[in-house]
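Report on one structure; see the data block that follows.
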Amino acid sequence: MRVVALRPEDIAEAEFGRSFRGYNEEEVREFLEEVATQFALLLEERDKILQENRELRRRLVDQEEYLKKVQSQVEEWKKQAEVEKELARRESSMIIKEAQLRAQKIVDEALERIKEAEAAYRGIFEKYRLFQIRFKSLLQTFMESIEKEDWRRETEGTKEEVSLEEDGESTDVVRFSFKDLRNEEKTGK
């Protein structure tokens with residue numbers, strides 16, 4: 001069976017042969033006109049639907065292309081983000097290493113300064129100890145010298161007192177010596 005594309009005009013202009021007991025021509029004509037009108041409306045609606053379908057398909061293709069572009073852009077952004085993330089990680093790692101190196105350098109310098117300060121302290125302490133020893137020795141020598149001088153003066157003093165008494169001068173002059181101070185400290189305690 002062959003399908004023929006019908007148009008509303010074909011239906012409206014359809015001619016049938018006459019027969020003796022056939023259908024009422026007027027009713028058939030009215031029915032065919034009604035069918036032709038309905039068929040015309042259906043064809044218009046179909047054309048409109050087909051047009052909408054074509055438009056929707058075109059928009060769908062456009063949307064699919066746009067979606068592909070967006071997905072491509074998203075993929076590119078992801079790659080770029082990964083690159084940026086890796087660069088940031090490397091940079092942070094370098095900053096941390098640099099900070100650690102600086103910190104180690106500061107610690108090393110501080111330790112070196114401590115060693116220098118300790119060495120300087122030891123040197124000063126040794127000089128101080130040497131100074132103490134020398135000063136004690138000097139004081140001891142000085143004390144011995146003073147004691148000898150006191151002893152000499154005491155021995156000369158008795159001679160001087162005798163000569164002063166002979167001259168008639170007062171012997172109320174008091175002589176001071178460290179020996180006397182020590183003796184006073186011993187007796188005072």
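Taken together, the values in this text are just the output of simple stated rules run on the coordinates, not laboratory data. Keep in mind it's a predicted model, so treat the numbers as computed, not measured. Methodologically, a virtual Cβ is constructed for each residue, glycine included, from the backbone with ideal geometry; neighbour enumeration extends over all protein chains shown.
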For a test of understanding, tell me how many lysine pairs in segment 52-139 have Cα atoms under 26 Å apart, given they are 8 or more places apart or on different chains. 11
Whole-Hz Karplus couplings 3J(HN,Hα) for segment 145-150, θ = phi - 60° and coefficients 6.51, -1.76, 1.60, Gly and Pro as x, run 5, 5, 4, 5, 5, 4
The answer for the net charge of residues other than ILE133 whose Cβ lies under 14 angstrom from its Cβ, with Lys and Arg +1 and Asp and Glu -1, is +3
Could you tell me which of GLN100, ASN53, TRP77 has its Cα farthest along the dipole of segment 29-110 towards the positive end, charges placed at Cβ (Lys, Arg +1; Asp, Glu -1), taken about the Cα centre? GLN100
Distant-in-sequence amide H partners of LEU6 (H built 1.01 Å from N, under 5 Å): none
How many angstrom lie between the Cα centre of segment 64-108 and the Cα centre of segment 33-57? 59 Å
Most positive-pole-ward Cα, THR141, LEU67, ALA117, against dipole of segment 58-144 from beta carbon charges: THR141
